[in-house]
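Input: a single structure, listed below in structure tokens.
The values are calculated or read from the model by the stated rules, or taken from the named source; none is laboratory data. From a predicted model like this one, the values you see are computed outputs, not experimental measurements. Quick reminder, even Gly has a Cβ in these numbers, built from the backbone with ideal geometry, and neighbours come from all protein chains shown. When the accessible area is computed, the model is the full protein with side chains, heavy atoms only, and any ligands, DNA or RNA have been set aside. Shrake-Rupley method; radii C 1.70, N 1.55, O 1.52, S 1.80 Å.
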Protein chains: 4
Amino acid sequence: MSRYSRNKWRLKLQKIIYEADTPAGKLFDVVLLITILASIILVMLESVNSIDRKFHTFLNISEWVITILFSIEYILRIITVRRPLKYVFSFYGVIDLLSTIPKYISLIVGGVHALAALRALRLLRVFRILKLARYLGASNNLMNAIKASRAKIAVFLFAVIIISIILGTIMYLVEGEANGFTNIPRSVYWCIVTLTTVGFGDIAPQTPLGQLIASLVMILGYGIIAVPTGIVSAEYTAQSKKTETSNNSLQSCSNCLAENHNDKAQYCHHCGERLHS
Amino acid sequence: MSRYSRNKWRLKLQKIIYEADTPAGKLFDVVLLITILASIILVMLESVNSIDRKFHTFLNISEWVITILFSIEYILRIITVRRPLKYVFSFYGVIDLLSTIPKYISLIVGGVHALAALRALRLLRVFRILKLARYLGASNNLMNAIKASRAKIAVFLFAVIIISIILGTIMYLVEGEANGFTNIPRSVYWCIVTLTTVGFGDIAPQTPLGQLIASLVMILGYGIIAVPTGIVSAEYTAQSKKTETSNNSLQSCSNCLAENHNDKAQYCHHCGERLHS
Amino acid sequence: MSRYSRNKWRLKLQKIIYEADTPAGKLFDVVLLITILASIILVMLESVNSIDRKFHTFLNISEWVITILFSIEYILRIITVRRPLKYVFSFYGVIDLLSTIPKYISLIVGGVHALAALRALRLLRVFRILKLARYLGASNNLMNAIKASRAKIAVFLFAVIIISIILGTIMYLVEGEANGFTNIPRSVYWCIVTLTTVGFGDIAPQTPLGQLIASLVMILGYGIIAVPTGIVSAEYTAQSKKTETSNNSLQSCSNCLAENHNDKAQYCHHCGERLHS
Amino acid sequence: MSRYSRNKWRLKLQKIIYEADTPAGKLFDVVLLITILASIILVMLESVNSIDRKFHTFLNISEWVITILFSIEYILRIITVRRPLKYVFSFYGVIDLLSTIPKYISLIVGGVHALAALRALRLLRVFRILKLARYLGASNNLMNAIKASRAKIAVFLFAVIIISIILGTIMYLVEGEANGFTNIPRSVYWCIVTLTTVGFGDIAPQTPLGQLIASLVMILGYGIIAVPTGIVSAEYTAQSKKTETSNNSLQSCSNCLAENHNDKAQYCHHCGERLHS
């Protein structure tokens, strides 16, 4: 492989940065995770006016330290990877760039507020590290169950939206602009708020008929929440069973071919023959 | 069949409009779906005063285009179908008419607001197209699970309403008109809002006793949401198993062609013939 | 039996009033159900000031008609039942009396508001009739599942209350009286409102620390709602299986004693022997 | 055992205080439970200004009675336990001390409000008594199901927090400070309020785009609540099955005493000995 033809330190760095099965690689991931979380807390605190006024210098310096650390990481990733361009235009490549440059841009343009908040995208980097964790022992049952029920839940949520639009329009006609249902999109928004049992209360029906319809919407929402829950529950049970079966049925008796032996079985439960694992 | 005696283009059109298993039929459905969604967005935008003022002419012309498209579709459906009257008075026939005529009526009467919103009924047409999609491969497990648990969920929701009326009356007595519980229907409405965990907050108990009862209502609501969820979950699991079983019993008796044998069956359960796996 | 020694019409009436397996008994139950629901709607409408003012005479007369009907029913129940005293002091006996006398008392004392609302207790009578319906074919799986999980859900809800008291006290210390958390009971009330995801918004944390704790409470509530749902779901599945098994395993082969035959099996799946159902 | 070398009354007291399988021990637990609940109600009532003003003397005396009772219990626990220091620094030892001393401190320092509320920690003592109840017959299935799904629910809730931070930042950019989203932490708080379907309504989106994103957040929250529910439901079903299986496998090998044989096992899976059912 051409991988081995590259010089040694490059390969070593690549292993540390992109993989997590060496002690150094794990350490790198943990440090990166802490840096990302620290940077997110920084972005958050900076947005609080009272804190920003008091600790502006400290926050600014910390932000520069983190920006430089991310810049180094970004450069190292480009240097060590085999196909730099593929990385740069990959999902995580773009995220890495977008979450690093806002501070540099602020030097030139100065205090672009919206750009600063772009740094919150750094949080998406967490998924890269956690994705690795997934391979480190966590069972995939949950992920499989969610994947298996994804399509069905999408259909369900689509139905929720259609119901919301129809009921929202009805509420717009019943309640009217005087009671806060100023237009259909706002009515539909209210309907989603109600159907999902969130219930902000910024808009609430005032007429008896409106309250009657609202009651039906709420009871409907209360009833149909059972649907996605039932789907995931059933799929997860199915996934667990599949795993269980495939783990237990590895042994089959060489004498009578019986299967489904216990995990620790040493003799066949059907004919008494010794089992060879 | 008398179907074949009609002239060719009529039959062709009917296949395109009413069925979805030809490329032209699928295309027709997709175009119709997009038109319906576009028309719904139009109805929504029109109801927003600020948008309607700015883009009134554009919205008006678009609405006319869509109304004419729907009129053509309506006429084609009547022409091609075997029993036009049956279609006209069917559920979808009425929906098709009601969602098309408001614009024509507005020419004569002028700006009838409530009628205009009738056009939102067009959304119900989406179900006609999606119903077709159901036959195109999506599993029916979910639909069967909902159907199987429909009666039980109805009983459950009925119990929720009875509980709401009793607790609502109690809250009316406890809180009284001074705290917003002005009459029993309004109290019952509040109770449904609370039991379904929506919680608008437009009406909220103020007295300590009222807040105690409200707490019980909330905990009750939090507890009994488990019931519909449990039902759908169990029914869905049962449905999945049924499908699985009928899929796994690939054996069919060579003598009497009976199916649905047990996994380990060695003899046909219908005629006693030995099974060959 | 001493039952047969009583005169005939009494026995007949008893069958009609207390049982539901004769046509007359069913008719009586349906009429009673409609009367109860009508009386509840009356109580509700009477509490709405604007309606009461307009239709006072009509509501008053209707109320008298219903009260007299209930009085006749109450007297008939006492006459026909074998042990009248046992009925009078039973749960439904007390409910029947309490839901009938308020109107008579209003003749003597005049307009006692709280007493009038007592009539809403009539709704509890609905359960007596619906209890009968339960024996008329509806499956008992759901009821059994709820019964089986009742104790566990009670433990769970008790834990919810303990958590609410502890977290409520913490919120009282953190937020203080200035932000609406005026005392510990009110704080606990807020905590239950939040934990059950109702969220009225009449009290809401204002300090950053309070909002942080509130976030934890909400995520906790969002997470632990899974517990009662999981219980009911699992118990319901277990109940369904039990029913299924007991329905299917009635046949056992007379030759090899194999069980678990299909419902429509005519021959044993293990040895081919004919099955005798 | 050195336990028996201690004098008799000490051993007796220890059994009463620390165990619950003697009548005296059960009585002690019940009395303690009532005292704890009474003390909690006292703490609550004291925090209500109107009640505290009226019944100050009564509340104060009751509090002293309970404090002295708890002091006696604390001293008895130290005297009777084998390793007093281990108890003093254990979780429950610290709770016992913290929930007893505030009243004594109030004698010296006078009316320290925050300290008084510390007494609510007494509620944690309830768990010690209820823990005992767990061994008295209640099934452990629920506890095992929660334990088994703890890690998965933690991962799920962690994902909820990450989603909340990202969506909260987006809402901060979209809505801005004018509409109540004054900073990112507050925006994230709003996002958690919405995603968990609590919906206080103290902060609510005002711009159309904000309401659109809010709708997505709500539908997302409505959909993903299915995940923890599905996990607990499946784990609980699995736990129930495990118990059932281990209950049904009454067979134990007469040769090697191995258990957990399959239902239809004819030979021991551990030593190959024939099983006699």
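Quick look at the values:
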{"item": "Any pair with Cβ under 8 angstrom, 6 or more apart, that starts in segment A:24-52 at a residue that is in the same structural domain as A:Thr100 (by TED's automatic domain parsing) and ends at one that is charged (D, E, K, R) and open to solvent by 70 Å² or more (accessible area, probe 1.4 Å)", "result": "A:Ala24/A:Lys15; A:Gly25/A:Lys15"}
{"item": "Pairs with Cβ under 8 Å, 6+ apart, first in segment C:219-230 and facing another protein chain (nearest Cβ under 7 Å), second of a type in the set (Asp, Glu)", "result": "C:Gly230/D:Glu235"}
{"item": "The lone exception for B:Leu118 - which of (1) under 25 Å from A:Phe181 (Cα atoms); (2) open to solvent by 30 Å² or more (accessible area, probe 1.4 Å); (3) in contact (Cβ under 8 Å) with a residue 40 or more places away in the chain it fails", "result": "(3)"}
{"item": "Residue that is farthest from C:Ile224 (Cα to Cα), among those in segment D:185-203 that are within 7 Å of chain A (Cβ to nearest Cβ) and buried (at least 24 other Cβ atoms within 10 Å of the Cβ)", "result": "D:Gly201"}
{"item": "Residues that are within 30 Å of the chain's Cα centre (by Cα) and open to solvent by 30 Å² or more (accessible area, probe 1.4 Å), drawn from segment A:204-221", "result": "A:Leu220"}
{"item": "Verdict on D:Leu42 being of a type outside the set (Asp, Glu), open to solvent by 30 Å² or more (accessible area, probe 1.4 Å) and under 24 Å from C:Ile166 (Cα atoms)", "result": "no"}
{"item": "Set D:Leu69, D:Leu13: member being surrounded by 13 or more Cβ atoms within 10 Å (Cβ to Cβ), more than 14 Å from chain C (Cβ to nearest Cβ) and modelled with pLDDT under 85", "result": "D:Leu13"}
{"item": "Hits in segment C:72-86 (condition: without any contact (Cβ under 8 Å) to a residue 60 or more places away in the chain and open to solvent by less than 20 Å² (accessible area, probe 1.4 Å))", "result": "C:Glu73"}
{"item": "First in segment B:169-184 and at the interface with chain C (Cβ under 7 Å from one of its Cβ atoms), second anywhere and surrounded by fewer than 19 Cβ atoms within 10 Å (Cβ to Cβ) and of a type in the set (Phe, Trp, Tyr), Cβ under 6 Å, 6 or more apart", "result": "none"}
